[in-house]
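*Asks:* Can you read through this structure? Questions will come right after.
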């Protein structure tokens, strides 16, 4: 009896395009679900060392929700690589100016830190509003159930 092993040749052709609406979704829960789709762990043919995930389009990032006191307490930091170049931006300011960046950082933080993880991150497209330019790919809507309905 032989075991099925996926070939890396036609992976890009078999990838689906999924649209996920972030309106009313918690940022962390949404990021975990999207990262799982990008890595391909929802695919029955998943292989750890191959990029088996689908392309994901996240719309309405502006309407995603940060629960609890995260909106006031969470701080995003980066360094400019100059002396004294540590820059801090609060989650409230980041969400007001660039809501898609908040989701992008949350999702990419859940992907592997390798070449494979970077390839997975390139399949992610995030838009602050409901419109996206990917209608030619015929994306399918994908529902993410909220945690309150799961319990």
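*Asks:* With respect to residue 97, is the statement that it is closer than 24 Å to residue 130 by Cβ, surrounded by fewer than 16 Cβ atoms within 10 Å (Cβ to Cβ) and modelled with pLDDT under 95 true?
*Replies:* Against the criterion (closer than 24 Å to residue 130 by Cβ, surrounded by fewer than 16 Cβ atoms within 10 Å (Cβ to Cβ) and modelled with pLDDT under 95), residue 97 does not qualify.
*Asks:* Just the residues that are under 13 Å from residue 64 (Cβ atoms), crowded, with 18+ Cβ neighbours inside 10 Å and out of contact with any strand residue (DSSP E or B) (no Cβ under 7 Å at 6 or more places or on another chain), please, taken from the stretch 100-111.
*Replies:* The answer is 102, 106.
*Asks:* Against the condition at pLDDT below 95 and in contact with a helix residue (DSSP H, G or I) (Cβ under 9 Å, 6 or more places away or on another chain), how does residue 67 come out, does it pass?
*Replies:* yes
*Asks:* Can you name the residue in the stretch 45-73 that is closer than 11 Å to residue 27 by Cα and touching a strand residue (DSSP E or B) at 6+ places or on another chain (Cβ under 8 Å) and is also surrounded by the most Cβ atoms within 10 Å (Cβ to Cβ) among such residues?
*Replies:* 64
*Asks:* Further, regarding this structure: Kindly indicate which of 127, 76 is over 20 Å from residue 36 (Cβ atoms), surrounded by 18 or more Cβ atoms within 10 Å (Cβ to Cβ), in contact with a strand residue (DSSP E or B) (Cβ under 8 Å, 6 or more places away or on another chain) and modelled with pLDDT of 95 or more.
*Replies:* Being over 20 Å from residue 36 (Cβ atoms), surrounded by 18 or more Cβ atoms within 10 Å (Cβ to Cβ), in contact with a strand residue (DSSP E or B) (Cβ under 8 Å, 6 or more places away or on another chain) and modelled with pLDDT of 95 or more holds for just one of 127, 76, which is 127.
*Asks:* Within the stretch 9-24, count every residue that is surrounded by 15 or more Cβ atoms within 10 Å (Cβ to Cβ) and farther than 15 Å from residue 57 by Cα.
*Replies:* Summing the residues that are surrounded by 15 or more Cβ atoms within 10 Å (Cβ to Cβ) and farther than 15 Å from residue 57 by Cα in the stretch 9-24 gives 1.
*Asks:* What number of residues in the stretch 124-145 are more than 21 Å from residue 95 (Cα to Cα) and out of contact with any helix residue (DSSP H, G or I) (no Cβ under 7 Å at 6 or more places or on another chain)?
*Replies:* 12
*Asks:* Looking only at helices (runs of 4 or more DSSP H) that lie completely in the stretch 1-114, which have at least 3 residues being in contact (Cβ under 8 Å) with a residue 40 or more places away in the chain?
*Replies:* 27-39, 99-108
The values are calculated or read from the model by the stated rules, or taken from the named source; none is laboratory data. Because the structure is predicted, anything quoted here is derived from the model rather than measured. Heads up, the Cβs are rebuilt from the backbone with ideal geometry, glycines too, and the neighbour counts pull from every protein chain shown.
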